[in-house]
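Each value in this text was obtained by applying a stated rule to the coordinates, not by laboratory testing. This structure is a prediction, so every number in the text was calculated from the model and none was measured. Here the Cβ is made from the backbone with ideal geometry for all residues, glycine too, and neighbour counts use every protein chain on show.
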Amino acid sequence: MAMTFGVSAQRAGLALVVAGAMLAPARPAAAQQTLNVSFGYFTVRGEDARVARDVLNENRNFLAFDIGDFNGAAIGGEWLVPLGRYFEAGAGIGLSRRTVDSVYDRFTDRDGSEIEQRLRLRIVPVAFTVRVVPLGQTSPVQPYVGAGLGLFNWRYSEAGEFIDFQRGNAIFRDQYAASGSETGPIVLGGLRFAGDALSSGFEIRYQSADAPLGRPFSTFQRDPRIDLGGWTYQFNVGWRFGG
């Protein structure tokens, strides 16, 4: 399965590069501001890389689901402003949201039916970044790397049926939720094809942050946290103006 994913990713990357080359005009682009729209895929950090006392890892001790089930589509928008020939600043916002169905892996209801829950994680990253464009912003082909600070607005919830092990394994329905905002670093790199009016390209970015869940989750676990880190693979289409 890993080999199949790798081949698919390579084919997708090649398709994006070809599409970018077709969208960008052949003549060099001027240094301009850009409004980007992005479409991509967000992958959460894996089981072994997640923060200590992460609620998803803790839940996997008694619920049946995979950490990778929280991977999903991501969208975003960003405003880029040139800072001289080789640098640019960016400010953007994104959204990823994923709902995962789970069941107790060692318990069922008295009638043999599954005890089901829905786990939902939403992350809205607001990113402030600076990029280095080694070939300059007038080049029609622009590889770049960058870094910055992210403000991650998040919400995590669990809803459905649960077992009260303190009351004779009684089954009850409820919903638990927590939300907040945390800051953390962002690093990124990509390739952009730039024309006078349009640009397109492919970008990979990594974010790192985690947050305390507090009550009501702290009544079940000691100092539970939610890991907000992961990788975003995205295709960007931009409108260029000014300059």
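For the stretch 135-215, the set of chymotrypsin sites (Phe, Trp or Tyr not before Pro) satisfying both a DSSP loop assignment and a count of at most 13 other C-beta atoms within 10 Å is given as Phe165.
Listed options for mean projected area of the Cα convex hull in nm² are (i) 14.6; (ii) 15.7; (iii) 11.6. The value calculated from this structure is the one marked (i). Structural descriptor for the stretch 112-215: relative contact order 26 percent, calculated from alpha carbon pairs under 8 angstrom and at least 6 residues apart.
Multiplying the residue separation of Arg122 and Asp48 by 0.36 nm and removing their Cα-Cα distance gives an extension gain of 24.5 nm.
Available extension along the chain between Val37 and Tyr206 is 59.0 nm, counting 0.36 nm per residue and deducting the alpha carbon span. For the residue pair Arg155 and Arg222, what label-to-label distance in nm results when each label sits 7 Å from Cα along the Cα-to-beta-carbon direction? Label at Arg155, label at Arg222, 3.2 nm between them.
Sites listed here are trypsin sites (Lys or Arg not before Pro) in the stretch 154-231 whose DSSP assignment is loop and whose Cβ has at most 14 other Cβ atoms within 10 Å: Arg167, Arg222.
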